[in-house]
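Read the figures in this text as sums done on the coordinates, not as results from a lab. Since we're looking at a predicted model, the values are computed, not measured. FYI the Cβ positions are ideal-geometry reconstructions off the backbone, even for glycines, and counts take in every protein chain you see.
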Amino acid sequence: MGGAWRPAARAASLEVESPYDGRVIGTVGISDAADVAAAVDAAKQASVAWAATPLGERVRPLRRFHDLMTAQAADLSNTVALESGKTPAEALAGIQRGLEVVEFALSLPNLDDGAALEVSRGVTCEARREALGVVAGITPFNFPAMVPMWMFPIALTLGNAFILKPSEKVPLAACRIGELMIEAGYAPGLFSVVHGDRGTVNALVDHPDLCAVAFVGSTPVARAVYGRATSLGKRALCLGGAKNHLIVAPDADEALTVRGVVDSFTGCAGQRCMAGSVLVVVGKASRFIEPIVEAASKIELGPGAGVRMGALIDAAARDRLERAIATASSEGADVALDGRKARPPREYEGGHWLGPTVLDRVRPEMECARAELFGPVLTVVRVDSLDEALALDRTTPYGNATSVFTSSGAAARYVVQHATSGMIGVNVGVPVPRDPFSFGGTKESRFGQGDITGPGALDLWSQLKKITTRWAASPDASWTS
Ligand code: NAD
């Protein structure tokens with residue numbers, strides 16, 4: 001905060017446990033309203049000179065941050081893995097994806113984003129993109145480094161001062177990012193980190209000098225933060241949860257489909273907002289279920305090398321998922337693969353683990369087909385036609401991703417046209433758009449306008465000033481002194 005570490009005003013702190021084995025791996029203070037106010041004050045002071053700094057100069061510390069982060073990515077990925085339960089390889093992939101957003105932000109000086117036009121004789125209209133002031137990002141547990149990197153590189157480069165409130169479950173990567181930002185040379189106050197949960201978020205959103213907020217997390221909280229921020233007249237983009245459908249047509253390529261589906265629902269132990277959750281098999285595509293179960297059953301638990309899956313974030317997540325599996329089974333689902341029986345290596349037995357699970361013959365009205373489960377649980381619904389599959393996609397309140405596996409261009413095009421999600425995959429199980437294409441869903445996966453990365457983010461973190469100028473030379477004007 002203000003370019004230095006500061007103890008929280010209150011003595012309260014929270015312990016950070018590793019999902020791998022339940023061990024305490026760190027402690028952070030909880031930032032109360034006084035801490036938040038101090039962060040906002042520091043940000044406000046720093047933001048004035050920063051907003052007046054030319055864009056070409058504003059990217060210089062970001063370039064240094066990019067180099068520092070690249071050099072330290074392996075080290076940081078160990079912290080991310082340890083606090084979030086991902087495998088180190090998944091943690092590293094998330095950081096690399098975040099670095100792509102940094103690269104997009106670094107390219108902003110090369111984009112001719114302003115506009116100027118002579119609208120009538122001697123009169124020119126011009127648009128200037130200007131900073132908002134103090135802005136904030138509130139992030140979830142599942143991508144401790146990547147999701148913050150969706151936000152602050154673009155927000156800062158556009159001239160704002162940024163305050164990050166990471167998930168209280170994974171605050172350690174954010175601390176390390178804070179250190180790198182100081183090392184990169186950002187002026188004190190331009191980037192701060194505050195810790196805590198609901199109370200800290202509310203203090204931040206309510207602060208009168210906070211202009212805009214980006215939120216990524218579950219749908220109920222996204223809706224609440226969006227409502228709170230916008231009722232105070234602030235700009236907000238709040239991304240929520242997901243229930244992504246993977247539609248498999250009978251003509252799909254088997255190897256591509258099996259790998260795509262299994263990676264999608266087991267990657268990051270299913271704790272990704274882009275993870276496949278409902279597998280909708282059309283007609284004879286039901287023949288893919290067995291090889292999918294077989295491939296998923298070979299995945300071992302643990303952070304080590306090989307085909308491995310990481311841990312769930314906490315005991316509550318494991319309990320919730322075990323309950324969901326039991327409920328599905330009691331409602332008539334066939335538990336084709338039961339992850340409750342899987343065990344990690346002995347040294348990780350104190351952690352929160354669940355193996356890949358496949359629930360077959362699920363009916364669309366069942367809880368596991370409708371609710372976001374956020375774990376390595378694949379719900380299989382069998383339908384007779386592509387239209388029936390798309391009708392299911394339309395009924396989900398979420399709208400992050402829909403994928404189709406097919407070898408027919410016409411079927412793919414039909415799904416692209418009729419699916420209701422913001423991000424569509426064709427033979428791709430996790431259709432995350434790569435920069436400069438922007439990331440963002442629809443329906444209850446997104447509250448607010450625009451996307452969180454790519455060109456859409458420019459409008460979130462800045463405003464356009466429109467200038468109309470008349471410089472008409474008078475007949476007696478003299479150009480010499
Ligand atoms: P969460 O909603 O519990 O927490 C997200 C953030 O909100 C955290 O910083 C947390 O401290 C804060 N928070 C929690 N309760 C709050 C409250 N009542 N009021 C104000 N702030 C509160 O989400 P999570 O469990 O950390 O993350 C998982 C969820 O995030 C899943 O639903 C997942 O789909 C979603 N997610 C969505 C995207 C996306 O791009 N749409 C990306 C990643 C994760």
Original post:
Rounded to the nearest 500, what is the chain's calculated 222 nm mean residue ellipticity when only DSSP H runs of at least 4 contribute -39500 (n - 2.57) each, over all residues?
Top reply: -11500 deg cm²/dmol
Original post:
Under a point spin-label approximation (7 Å from Cα along Cα-to-Cβ), what is the Ser330-Arg470 distance to one decimal in nm?
Top reply: 7.7
Subject >> Among 432-438, 135-141, the order from most to least packed when residues are scored by Cβ within 10 Å on average >> reply: 135-141, 432-438
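Among the DSSP beta bridges whose two residues both lie in the chain, what percent are antiparallel, rounded to the nearest 5?
Within the chain, antiparallel bridges account for around 40 percent of the total.
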Original post:
At a Förster radius of 25 Å, what calculated FRET efficiency corresponds to the Cβ-Cβ distance of Asp41 and Cys175, to the nearest 0.05?
Top reply: 0.75
Original post:
Pairing the Cα long axis of helix 172-184 with the longest principal axis of the chain, what angle in degrees results, from 0 to 90 and rounded to the nearest 10?
Top reply: 30
**OP:** Would you order Leu246, Leu108 from fewest to most other beta-carbon atoms within 10 Å of each residue's own beta-carbon?
**Re:** Leu108, Leu246
Original post:
Efficiency by 1/(1 + (r/R0)^6): what FRET value for Ala33 and Ser478, r their Cβ-Cβ distance, R0 = 51 Å, to the nearest 0.05?
Top reply: 0.25
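Mind scanning Lys44/Lys169; Lys44/Lys86; Lys86/Lys234; Lys169/Lys465; Lys234/Lys466; Lys443/Lys466 and naming the pairs with a C-alpha gap bigger than 30 Å?
Lys44/Lys86; Lys86/Lys234; Lys169/Lys465; Lys443/Lys466, as the Cα separations exceed 30 Å there.
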Original post:
If you stretched the chain out fully between Asp253 and Glu183, how much longer would it get, using 0.36 nm times the residue separation minus the C-alpha to C-alpha distance?
Top reply: 20.3 nm
**OP:** Could you work out how far helix 219-231 tilts from the main Cα principal axis of the chain, as a 0 to 90 degree angle to the nearest 10?
**Re:** 20
**OP:** Would you grab the residues whose amide H sits under 5 Å from the one on Ser403? Only those 5+ places off in sequence or on another chain, please, with H modelled 1.01 Å from N.
**Re:** His245, Leu246, Ile247, Gly425
Subject >> Anisotropy class of region 1-76 from Cα gyration tensor, a/c 1.5 cut >> reply: oblate
Original post:
By how many degrees, between 0 and 90 and to the nearest 10, does the Cα long axis of helix 386-395 differ from the longest principal axis of the chain?
Top reply: 60
Subject >> Nearest-0.05 FRET efficiency for Ala305 and Ala49, computed from C-beta distance (R0 41 Å) >> reply: 0.25
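Given the convex hull of the Cα atoms of the chain, what is a quarter of its surface area in nm²?
The directionally averaged projection comes out at 26.7 nm².
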Original post:
How many nm separate the modelled label positions at Ala74 and Val24, each set 7 Å beyond the Cα in the direction of the Cβ?
Top reply: 3.2
